[in-house]
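Report on one structure; see the data block that follows.
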Amino acid sequence: MDMSVWFLIGAALVFFMQCGFAMVETGFTRAKNAGNIIMKNLMDFCIGTVVFMFLGYGLMMGEHTFFGLIGKPDLTLFTDFERFDWSAFVFQLVFCATAATIVSGAMAERTKFSAYCIYSAIISLVVYPIEAGWVWGGGWLAELSYIDFAGSSVIHMVGGLSALVGAAILGPRIGKYTKNEDGTVTSNAIP
């Protein structure tokens, strides 16, 4: 049974999650940063598409793997254009972009746009494809019969852990906390 239509409908629904992330993150930031947040969400998909297409998808779904840890890219996307499963590629692409987008909210208002674009490229090129290949690409977790429900570990855990690391490195937003004269710390609401 051909699943192409189902994959593409699912991909369209997941793609519109980018809009939801943009709106949520814009709501949590100051008005002056709304354009920056929306542009970061757009660039997650734009940069992610290019790097995922050139190398990420091959690392994730390669037919042959190195000890079940990383797929060997065979570049069938470019060599066998006619028989390539494009609907499965688009389906995996939107999930890759979603994993990268999760982090933008945790690092909002504290990263330069160029630094964020580099981060997004690394997540989409290496981090997400390798770990997603462990489960969805026939890697070592798939061989152990590991089942991921709705991307809970493949997408959300990786995005959440990346966000936690990024937020820990960057620290709180400027103006979020003030130290009082008596040594106590006051948390300030960011309007």
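The values are calculated or read from the model by the stated rules, or taken from the named source; none is laboratory data. Only a predicted model underlies this, so the values are computations on that prediction, with no experimental measurement involved. Every residue, glycine as well, gets a Cβ built from its backbone with ideal geometry; the counts of neighbours run over all protein chains shown. Surface accessibility is based on the protein's heavy atoms, side chains included, excluding ligands, DNA and RNA. Shrake-Rupley method; radii C 1.70, N 1.55, O 1.52, S 1.80 Å.
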Here the averaged projected area of segment 1-137, based on the convex hull of its alpha-carbon atoms and given in nm², is 8.7
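Report, please, the projected area of segment 56-191 averaged over directions, based on the convex hull of its C-alpha atoms, in nm².
Working: hull surface 45.6 nm².
The number I arrive at for segment 56-191 is 11.4 nm².
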Can you run phi through the Karplus equation (6.51, -1.76, 1.60; θ = phi - 60°) for segment 71-82 and list ³J(HN,Hα) in whole Hz, with x for Gly and Pro? x, 8, x, 10, 6, 5, 4, 9, 8, 10, 4, 6
Percent accessible area from carbon and sulfur atoms, the chain, protein chains only, probe 1.4 Å: 72
Using alpha-carbon pairs under 8 Å, 6+ residues apart, how would you state the relative contact order of segment 1-111 in percent? 40
Can you tell me the length gained on complete extension of the stretch Asp182 to Tyr146, counting 0.36 nm per residue apart and subtracting the Cα distance? 7.7 nm
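What does the net charge come to around Asn33 if you take all other residues with beta carbon closer than 11 Å to its beta carbon, with K and R at +1 and D and E at -1? Write out the running numbers ahead of the final one.
On the way: positive: Arg30, Lys32, Lys40, Arg110, Arg173; negative: Glu25, Glu109.
Summing Lys/Arg as +1 and Asp/Glu as -1 gives +3.
At most 11 other Cβ atoms within 10 Å and a DSSP loop assignment: could you name the chymotrypsin sites (Phe, Trp or Tyr not before Pro) in segment 6-90 that fit?
Details: sites: Trp6, Phe7, Phe15, Phe16, Phe21, Phe28, Phe45, Phe52, Phe54, Tyr57, Phe66, Phe67, Phe78, Phe81, Phe84, Trp86, Phe89; in loops: Phe16, Phe28, Phe67, Phe81, Phe84.
Loop-located and lightly packed - Phe16, Phe67, Phe81.
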With a 1.4 Å probe and all protein chains kept in place, how much accessible area does Ile47 have, in Å² rounded to the nearest 10? 40
Under the rule that an exposed site lies in a DSSP loop and has at most 13 other Cβ atoms within 10 Å, name the longest stretch of the chain with no GluC sites (Glu not before Pro) of that kind, not counting the sites themselves. 83-180
Residues with amide H under 5 Å of Thr65's amide H, sequence separation 5 or more or different chain, H placed in the peptide plane at 1.01 Å from N; which? Lys72
